Amino acid sequence: MTDGSGREIDYLRISLTDKCNLRCEYCMPKEGIRHLEHKEVLSLEEFVRIAGILSELGIKRVRLTGGEPLVKKGLTDLVRMLHHISPGLDICMTTNGSLLSGFAHGLKIAGLRSVNVSLDTLDPVTFKTITGSDDLKSVLDGIGSAVDEGFEVRLNSVILRGINEDDVIPLTEYASKTGVDLRFIELMPIGCGVRFEGIPSDELVKILEDRYGISQEVDSDSIGTGRGPAVYRRFAGYPGRIGFISPLSHGFCERCNRIRLTSAGFLKLCLEHPDGIDLKSSLRSGAGDDEIKEMIRQAILRKPAAHRFAAGGSAEDDRKMVQIGG
Ligand code: SAM
Ligand code: SF4
């Protein structure tokens, strides 16, 4: 599938649920959100049908996210079904990790290949400040289980000024000790994110160079990270590589290869922009696969060329990150 700007679209993020067991303050309002009613959420079969249609249209990788995907009932069955309908599909998940240790083995057998775990701090007090929870140990146990199961594991960290700046070096040390990649993601002004100040990637690179010495960007083709948004750097005195996802300071829209399906069955064309199509209504009103394929092809053509965060604004979509899936 090629969009109106000539970009190949081959990556789908599916937000399986708008529910989450944590309350990260830059993602989910403290008071929570109005959750979708059961009937408003796609069934497992509907998720699988849409993913199957999209894979026939050229989607090669699916990332399961949320809310928290591990609170979704039937997650392991869903992975198994996705793997079954499309054995070539690369199935990945992004999770807060707190429930991961209990699911890692089953998910591996079901066909999940890779797990990204969000980890913003290694300090239990800061963890409580950011997430509202005491689950740091469970998250670390989850990361350990995922590594033991042989998943490709990556850590994603959002650094907030005045909250977890001191965690940058402990996080890199932890990643190298655990043998996993770490990526720093710039805070985006989406939903509750507007209330905080993120730290731009260049400032993080400076902190890391002060500690580990000079750094150089790694050629993404040489490390097989393909067209993803992360730019990786190696630092003279650091054994691994560190990724930077910089939607604000170094836009990557010209490389964008992704679309998003919300748990309400809305196919979103851009993280920041509200445009998209309501696939749930089409599915439930009896549309056939060919009709749905044509709707998707038409929608992809109008995928926005770029987000507009850089213009100083916040996202035009009213949805919170917990509802979109990051
Ligand atoms: N619950 C799962 C988790 O935390 O990994 C999956 C969903 S969460 C919305 C996906 C990612 O979005 C997390 O890494 C989180 O840190 C990130 N995120 C949430 N709000 C954000 C924001 N305003 N800017 C940048 N990243 C954000
Ligand atoms: Fe939940 Fe993930 Fe959002 Fe944190 S970032 S509140 S874990 S959905």
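The values are calculated or read from the model by the stated rules, or taken from the named source; none is laboratory data. Computed from a predicted structure; not experimentally measured. Glycine also receives a Cβ, built like all others from the backbone with ideal geometry; neighbour counts cover every protein chain displayed. We work out accessible area using only protein heavy atoms, side chains counted, and drop any ligands, DNA or RNA first. Shrake-Rupley method; radii C 1.70, N 1.55, O 1.52, S 1.80 Å.
Among the protein heavy atoms of the range 11-324, carbon and sulfur supply 52% of the accessible surface, probe 1.4 Å, non-protein parts ignored. Once the 1.4 Å probe is applied to the protein heavy atoms, the chain comes out at 42 Å² accessible per residue.
In the chain, the DSSP-assigned H stretches of four residues or longer account for a calculated mean residue ellipticity at 222 nm of -9500 deg cm²/dmol, using -39500 (n - 2.57) per stretch and the full residue count as denominator.
When we measure straight from the Cα of LYS39, which lysines land under 19 angstrom away, once same-chain ones fewer than 8 places off are left out? Filter leaves LYS19, LYS72, LYS73, LYS280.
In the range 156-236 the Cα-Cα distances spread across 10 Å bins starting at 0 as 16, 48, 31, 5 percent of all pairs. For the chain, a Kirkwood radius taken over Cα pairs fed into Stokes-Einstein (37 °C, viscosity 0.692 mPa s) yields D = 163 µm²/s.
Ligands, DNA and RNA excluded, the heavy atoms of VAL125 present near 100 Å² of accessible surface to a 1.4 Å solvent probe. Label-to-label distance, LYS293 versus ALA236, with points set 7 angstrom from Cα along the beta-carbon direction: 5.6 nm. Model label sites at GLU31 and LYS137, defined 7 Å from Cα along the beta-carbon direction, differ in position by 3.4 nm.
Annotation for THR2 and LYS177: the two label points, set 7 Å from Cα along the Cα-Cβ direction, are 5.0 nm apart.
For the chain, with only Lys/Arg (+1) and Asp/Glu (-1) charged at the beta-carbon, what is the dipole magnitude about the Cα centre, in debye rounded to 20?
It works out to roughly 440 debye.
Once the Cα atoms are used to define both axes, helix 201-212 deviates from the longest principal axis of the chain by about 40 degrees. The antiparallel fraction among DSSP beta bridges confined to the range 1-127 stands at about 5%.
Volume per residue for the range 77-157 equals 83 cubic angstrom (convex hull of Cα atoms). Taking 0.692 mPa s as the viscosity and 37 °C as the temperature, the Stokes-Einstein diffusion coefficient of the range 181-288 based on its alpha-carbon Kirkwood radius rounds to 201 µm²/s. Provide the net charge surrounding ARG241, with neighbours chosen by a C-beta distance below 12 Å and charges set as Lys +1, Arg +1, Asp -1, Glu -1. Here the charged neighbours net out to +1. Stretching the chain fully between LEU301 and LEU44 yields a gain of 89.8 nm (0.36 nm per residue, less the alpha carbon separation).
Once a ≥ b ≥ c are taken as the square roots of the eigenvalues of the Cα gyration tensor of the range 41-194, is the result rounded (a/c under 1.5), prolate (a/b larger than b/c) or oblate (a/b not larger than b/c)?
It comes out prolate by the Cα gyration axes.
Using a 4.7 Å Cβ-Cβ cutoff, the cysteines of the chain lacking any partner cysteine are CYS20, CYS92, CYS192, CYS253, CYS256, CYS270.
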